[in-house]
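For reference, the structure discussed in these notes is given below.
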Amino acid sequence: MYPPSLQPPPHRDFISVTLSLGESYDNSKGWRRRSCWRKWKQLSRLQRNVLLTLLAFLIICGLLSYMNTTHHWKALSGRSSEKQKARPDIPGLKPVNPPVLPAPQTAGAAQGLPEIPPQKPRKHSRRGPPSLQIRAPDKDVKDRIQDRVEQEQEEPGNAHKENSQRTVISWRGAVIEHEQGTESPSRRADVPTNRPGPESRTQKASAPLNKRQKAVVEAFRHAWKGYRKYAWGHDELRPLSKSFGEWFGLGLTLVDALDTMWILGLTKEFEEARKWVSQKLQFQKDVDVNLFESTIRILGALLSTYHLTGDSLFLEKAKDFGNRLLPAFKTPSKIPFSDVNIGTGIAHPPRWTSDSTVAEVTSIQLEFRELSRLTGNEKFQEAVVEVTRRVHSLSGKKDGLVPMFINTHSGHFTHLGVYTLGARADSYYEYLLKQWIQGGKKETQLLEDYVEAIEGVKTHLLRSSEPSKLTFVGELAHGRFSAKMDHLVCFLPGTLALGAHHGLPAEHMDLAKALMETCYQMNRQMKTGLSPEIAHFNMVPQEGHQDVEVKPADRHNLLRPETVESLFYLHRCTGDSKYRDWGWEILQSFNTYTRVPTGGYSSINNVQDPQNPGPRDKMESFFLGETLKYLFLLFSDDADLLSLDTYVFNTEAHPLPIWTPS
Ligand code: DMJ
């Protein structure tokens, strides 16, 4: 036996590489080839096979890894070019095809729109006004975080995919089919035109958002969350039943909110809505629309969004829509019918009368005039100027105050003797002043009618309440004064302030301030801090009575904008911060009593019952189109953001440019 260390090793095949250190170094190719061959020959067959197998294995591995790397690079370069398209805002990531649509305002945007910091995920717990929800705060925070996650994950309108076949009856009785989404997505190839427009781009950049503006943005997002999820592409959100209501079947809320999203800097939301307008909004449908409502909300929104963005998509839609409204003016008197079918071109008055409402036929002028200016086609302007001309020369006014109805056959006022600054007459007065401003203050007849009407208000409709001596605007019916004031009348302080800003007498501003205080009190004296639809003023000093009283039928609040609209003008024109504080209170009341936790805001039944305000399950489009926009502008530190010297807001808060001499 050998000692273990000396025993010969068991026979094993192995590969050895021997370096022949003894041989002189010759680096010639021939020597190396010979030497390798000799070594190869010295190997056993098994060793050679192992080596060959190993070599083959290495080659296969090499090939596989090469193919994999090539694929990975292709995928990577594909993704990065997609990224480039999607993020044109990242420096260094130059898009292959630069987007046609100028992005909504972002920090330092060259367009000169307000400088707003890029959208960051919200810090949900701190930013919004405290304790704004009826529900418990901790749940609120969870909801908001959930909102965000859901919003980022879901396609708009998912909640209603299962209902998409249902037929919806509009409240005006028109049957509207859901859109089936058959239209193929159109390519986004619209190039901003060089027509008169995009004036806002010349504005200087504005200050970053302050805390109150951020609260408005948060409120908008919450409202939009509900609309996006439960009512996408439909007219109005029904936030409690998590469904929607149709009126015209034209995505009214989405369209009405377009320029608000732009102004608030909500890039992502705007882009998604723009895509819907581009791919889904089409007007060739058999549906009756109200001429006034669709003009101020849809035509007005399309025109202002065109001006803000420079995106010709909106002008094309405005043109199409404007053309479809024109048949309404084909009446014996040229005073338009209230309704027109945009598919068939058949216009008609309401079923019960051949009258139209005076405010309705006299508050479409800003939009139609602007459409003519943009298209170079006079027909739109001619139609509405004719209405203004006729109304101007009609008898039946009382010191510039107009009745509420006008007949489409005779062209005369009807129901004479009733005068109000509220429903059915309100925006007649507003548009006298605003047309004068829009046209560069040249059309003196408009100004004269406006000034005369304000004198008429002072003479016939102005009174003072008890005990606080609030100045209010009542109504006159056949010589009898009624101390009743619609919340709608609260547009008036703003309009008066706007007139004073444009050079009308200082007493207009005095009246504006007095009425503003009244409108604020109409909110403040309610237990929810929100105004009723109609207020009655106490004119007799009586113990235990306050200035503002509300009748059971008038206790509702529809999320209307008029008070905050006027606060915006009053703050712009005076710089007095109390108007902002009042607006802030109102926003908090909206958040406390009208906000629906799952998304959206709702009209309420009773502004006097904070325990049970009675949500009505409806979010009007003007809450997004007007109310939140005016609040945002009220809180803005930049007085040049949509300057009153550059823009005039239509009666739905859509800014249109003041014409300057070319
Ligand atoms: C809006 O559609 C407009 O402001 C209109 O002039 C009056 N009614 C609503 C808001 O209250």
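Data for the structure
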| quantity | calculated |
| --- | --- |
| Residues of the stretch 487-507 that turn out to be buried (at least 24 other Cβ atoms within 10 Å of the Cβ) and out of contact with any His (no Cβ under 8 Å at 6 or more places or on another chain), as a count | 9 |
| Helices (runs of 4 or more DSSP H) completely within the stretch 339-422 that count 2 or more residues being within 16 Å of the ligand (Cβ to nearest atom) | 358-361, 365-375 |
| Lone qualifier among ARG228, ARG221, ARG238 - being in contact with a strand residue (DSSP E or B) (Cβ under 6 Å, 6 or more places away or on another chain) and at pLDDT 95 or above | ARG238 |
| Residue, surrounded by the fewest Cβ atoms within 10 Å (Cβ to Cβ), within the stretch 611-633, restricted to residues that are within 16 Å of the ligand (Cβ to nearest atom) and over 12 Å from the mean Cα position of the chain (by Cα) | ARG616 |
| Filter result (among the polar types (S, T, N, Q), within 14 Å of the ligand (Cβ to nearest atom) and within 24 Å of ARG238 (Cα to Cα)) within the stretch 564-607 | SER603 |
| Output for the stretch 225-271, where each listed residue is farther than 22 Å from ASN290 by Cα and of a type in the set (Phe, Trp, Tyr) | TYR227, TYR230, TRP262, PHE270 |
| Selected residue (criterion: nearest to the ligand (Cβ to nearest atom)) from residues of the stretch 518-563 that are under 28 Å from the mean Cα position of the chain (by Cα) and among the small types (Gly, Ala, Ser) | SER531 |
| Qualifying helices (runs of 4 or more DSSP H) (wholly inside the stretch 468-574; at least 1 residues being among the charged types (D, E, K, R)) | 506-524, 562-574 |
| Pick from the stretch 203-218, criterion in a loop (DSSP other than H, G, I, E, B) and exposed (fewer than 14 other Cβ atoms within 10 Å of the Cβ), ranking: modelled with the highest pLDDT | ASN210 |
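Residue-by-condition table, conditions (1) touching a residue at least 40 places away in the same chain (Cβ under 8 Å); (2) crowded, with 24+ Cβ neighbours inside 10 Å; (3) not basic (Lys, Arg):
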| residue | (1), (2), (3) |
| --- | --- |
| SER304 | yes, yes, yes |
| LEU308 | yes, yes, yes |
| GLU316 | yes, no, yes |
| ARG324 | yes, no, no |
| GLY343 | yes, no, yes |
| SER354 | yes, no, yes |
| LEU371 | yes, yes, yes |
| PHE380 | yes, yes, yes |
| GLY400 | yes, no, yes |
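For every residue, the table says whether it meets (1) touching a Lys or Arg at 6+ places or on another chain (Cβ under 8 Å); (2) assigned to a loop (DSSP other than H, G, I, E, B).
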position	(1), (2)
GLY599	yes, yes
ASN606	yes, yes
PRO613	no, yes
LEU624	no, no
LEU634	yes, no
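The values are calculated or read from the model by the stated rules, or taken from the named source; none is laboratory data. These numbers were taken from a predicted model, which means no experiment stands behind them. FYI the Cβ positions are ideal-geometry reconstructions off the backbone, even for glycines, and counts take in every protein chain you see.
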